[in-house]
Structures are given as C-alpha cells and as structure tokens.
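All remarks here apply to the structure that follows.
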Amino acid sequence: MSSPYRALLARPGTRPLLAASSLAWFSYSIYGLGFVLVVEHGTGSFATAGAVIAAFSAGSAALAPLRGRLVDRCGRSALLAFAAVHVVALLALIAAAESGASAGPLVVLGALGGASAPPLIAVARSEWSRAAGPSLAPIAHGLNAALSEFAQVIGPLLVAVAAGGAADPGPPVAVLLGGVLLAAVVLARAMPTSPAHPPDEAPGREASLRPPGGAGFLIVAGGELLLAIAFGALDIALPALTARDGSAADAAFPLAALAAASAAAALLSGTRATRVAPSSRFAAGLGLGAVGLALLAVLPELVPLAIACLPAGAGMGLAFAAVFELLDAVVDEHRAIEAFTWLTAAGGAGAAAGAALAGLSLAHGHVGHAMLVAPAAAGLAALLAVGGCSHVAGAARPTPREVVTSEPLRASSRS
C-alpha cells in the first residue's frame, strides 16, 4: 500500500468508512443482475424482470434528491429508516416473486424499493471529506471513485457465483441485501449526531426541492448527465457492435478494460491531484474520454476496441474522481448529501436517454450511428466543462471541507 493510502487509513474512522463504502458500492452493483435472476426464476418472464428493474430505477432516480434532503436535515435516523424500508421492500419482492406473483405487485414493490433506497454513496462521499481532512480529501475521493469501478466488475460476478448456479436465486440475493443494512449502520455511526445546518437558517427556508448550488454545481450536474448518456448508449451499442462479427457477450472484454482503466486513473489521480485543480481535471478527463470513445466508433475488431477503452476509461476515472472533489467546493456542507443525489438523478435520466438513443439507431439498423452517441455526449460534456471551468473553479471557498489545490500534498498525495 502506498504512503498516501497509509496516511489516509491511519486517520481515525477511515477504516470503517472504507468498509462501509465498499459494502455500499458492491451491494448496489448486484441489484441489476440479481433481481433479473430472481424475478425471471419466479415468473419465467424476462419482460417482467425488465419492468421491475425499470420501476426500481425510476423510483430511485425520481426521489433521490428528496431522500438526500431528508438525510441532510434529519441525519442518521433518516438514513437508517430508508435502509430498513428499502430492505423490507426488496425482501417482499423476493418473496412475491418466489410465490409466483403477477407482474403488477412485483413492479409496485420494485418501485417502492427504489423510492426508499438509502443514499449510502452520497453519505459516504460526504463522510470521506470529513474524515480525510482537507489535505487528504483528494486521496479519499479517488479511492471512493475507484471502488465504484471495481464494484461494477466484481458485483455481477459475485451474483453469478452466489445465485447464478443456485437452483433458487432468491435466498442468495436476500443474503446479499444484508450488505446494505450493514453499510447503513456503519455510515450512520460515522455521521455527526447533529445534522449540519447553517446557524442562521430560518424554519422553512430551502423548502422547495431545487438544485443545491449555483452555476458551478449546474455545470458539474450537466457534465454528469451527458456522461451518463454516453455510458447508457455504450451499454446498448457496444454489444450490438461485437455481435456483428462474433457474440454480444464479447462486449464484456472492452467494458472490463474500460472499468479497469477508470479505476486505475481514479486511484492514480490523487498522487498529483493538488498540482492540478479538480475543475481542470474534470474538463481534461472528459476530453480524454471523448477521444477514446470516438475511437470505439471506428474500430471494428475486438482487441483494438479493448485497447481504445483504456484512454476512454482513464478519462472517465479522472473526471469521476474530480466530481467527488468538486462537490466540496460548489455546494454548502449542509446540502452535501442532497447534492450527490441530484447527480444520481441526473445519471439515471442520462443513462435512460442514452440507451433510448442508441436503441433507436439500432432499430433502424445503424450500429455505427449508435456508437457515435457516446463520443458525441462525452464531447459535449467536455465542452461544457471547459466553458464553465471558471464558474466551477470560482465557486471554491475556504471552508474546513474544501479540497486544497494550491500546493502539493507531498507525503500524502492521493491514490
């Protein structure tokens, strides 16, 4: 383990926070495949499974900012309440699927599970800022960003091992839900006993559900939306591309290369993070990602596709880690959790839009056009970040949670 990691994990509370963050990322990464297996096993219908996943995603994205707002205001009690309702709803979904329930009740339970999903990732990001301190925050955010990529690769494999080979996938998936509860408990213990409200906040102030920041936050959220469009399109278009000369399953190889490069870049970005402002790394990462994704659209062979995914993934990893840092600068501490849930909602909407755009192109037989959606969206995100760099950088303010970017971290960089 490098010295930046040692410096970070030597701080009080960071090791339990690392465990909770890992549990949160890995728990959520199992949902897609896990509940497809459970619902299809119980109903014999992939269409019903797809409807349940869609209902879960819609409920989760639509109410994410509200859940974040409530956790910001009410603290650990709200987080634990959401976690309890969420797990009960999903256990009921598993039981209903096992009993052969019709599509209607399953979709309702899926929507309830999504609507009550605890904002574990948002809380973890906020607590990493607090636990790491200003000088080590870039290291913490890079580590947290890398965990997300590892989870996207390992989580589905965990489901495949635990549930894919089982005669009944319900019990293994139910056991895996325990990770959500455990993560919620650990994160709740790490949260301050009193929620962080501004001392001069009047009752009823900020009652409307609006984005929790100015121009800087809107630029970050816009970049997240466009980036999600890119990946939503890629998830549909890349399997269609590899299926032309082989198998749709071959898309797993370039996608794995992309995830690995993204994780590595997020980890490595911290070692020199404070020499380049996060707003600049955000723009540069999006630009590099757009170039890599553009290469995917013109490379027909599997091996070149996987190689082209390396710069694309590296750029996305740089941008993702920078987003974690930028939220410390562009949003007030008392709305930090809600801010991340707005990005979650933007990401969900973007992924759905990207998948729809790619699917529309494929419906007309244009695989090449579908592959162009991803670099086009990423390129627009890069242009937005470059054009709004001054707004994002200018939003930084000297608070105890701010990421210091004016001098090297020396012995405690990031990774």
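Return the Rg/Rh ratio of region 1-97 with Cα-based radii and a Kirkwood Rh.
Over the Cα atoms of region 1-97, Rg/Rh equals 1.09.
If you wrap a convex hull around the C-alpha atoms of the chain and split its volume per residue, what is the figure in Å³?
Cα-based convex hull of the chain, divided per residue, equals 135 Å³.
What do you get for Rg/Rh of region 1-45 when both radii come from the Cα atoms and Rh is the Kirkwood radius?
That ratio is 1.35, to two decimals.
Which whole-Hz ³J(HN,Hα) couplings does region 232-246 yield from phi under the Karplus relation 6.51 cos²θ - 1.76 cosθ + 1.60, θ = phi - 60°, glycine and proline marked x?
Karplus-based 3J(HN,Hα) across region 232-246 equals x, 5, 5, 4, 8, 6, 5, x, 5, 5, 5, 5, 5, 10, x Hz.
Placing +1 on the Cβ of each Lys and Arg and -1 on the Cβ of each Asp and Glu in the chain, which of HIS369, PRO211, PRO16 has its Cα farthest towards the positive end of the resulting dipole?
Checking the options against the dipole of the chain, the answer is PRO16.
For the chain, with the dipole built from +1 on Lys and Arg beta-carbon atoms and -1 on Asp and Glu ones, taken about the Cα centre, which of GLY179, GLY50, ALA294 lies farthest toward the positive end?
The listed residue farthest towards the positive side: GLY179.
Region 98-146 to region 326-350: how many Å between their Cα centroids?
13 Å
Any idea how far apart THR193 and ASP245 come out in nm if each label point goes 7 Å out from Cα toward Cβ?
My value for the distance between the label points is 6.4 nm.
Please turn the phi angles of region 285-301 into ³J(HN,Hα) values with the Karplus equation 6.51 cos²θ - 1.76 cosθ + 1.60 (θ = phi - 60°), one per residue in order, whole Hz, x for glycine and proline.
Coupling constants for region 285-301: x, 5, x, 4, x, 5, 5, x, 5, 5, 4, 4, 6, 10, 10, x, 8 Hz.
Roughly how big is region 215-394's charge dipole about its Cα centre, with Cβ charges of +1 (Lys, Arg) and -1 (Asp, Glu), in debye to the nearest 20?
280 debye
Which three extents, in whole angstrom, do the alpha-carbon atoms of region 215-394 cover along their principal axes, largest first?
Rounded to whole Å, the extents work out to 50, 32, 25 Å.
So if I place +1 on the C-beta of Lys and Arg and -1 on the C-beta of Asp and Glu, and nothing else carries charge, what would the dipole magnitude of the chain be about its Cα centre? I want it in debye, nearest 20.
Taking the Cα centre of the chain as origin, the dipole is about 960 debye.
Along region 146-156, what does the Karplus equation 6.51 cos²θ - 1.76 cosθ + 1.60 (θ = phi - 60°) give for ³J(HN,Hα), rounded to whole Hz, x for Gly and Pro?
5, 4, 4, 6, 4, 5, 5, 8, 7, x, x
Compute the distance from the alpha-carbon center of region 18-37 to that of region 58-83, in whole Å.
First find each Cα centre; the distance between them is then 18 Å.
Where a number appears in this text, it was derived from the coordinates with a stated rule and is not lab data. Quantities reported herein were computed from a predicted structural model and do not represent experimental measurements. No Cβ is skipped: glycine too gets one built from the backbone with ideal geometry, and neighbour counts run over all protein chains shown.
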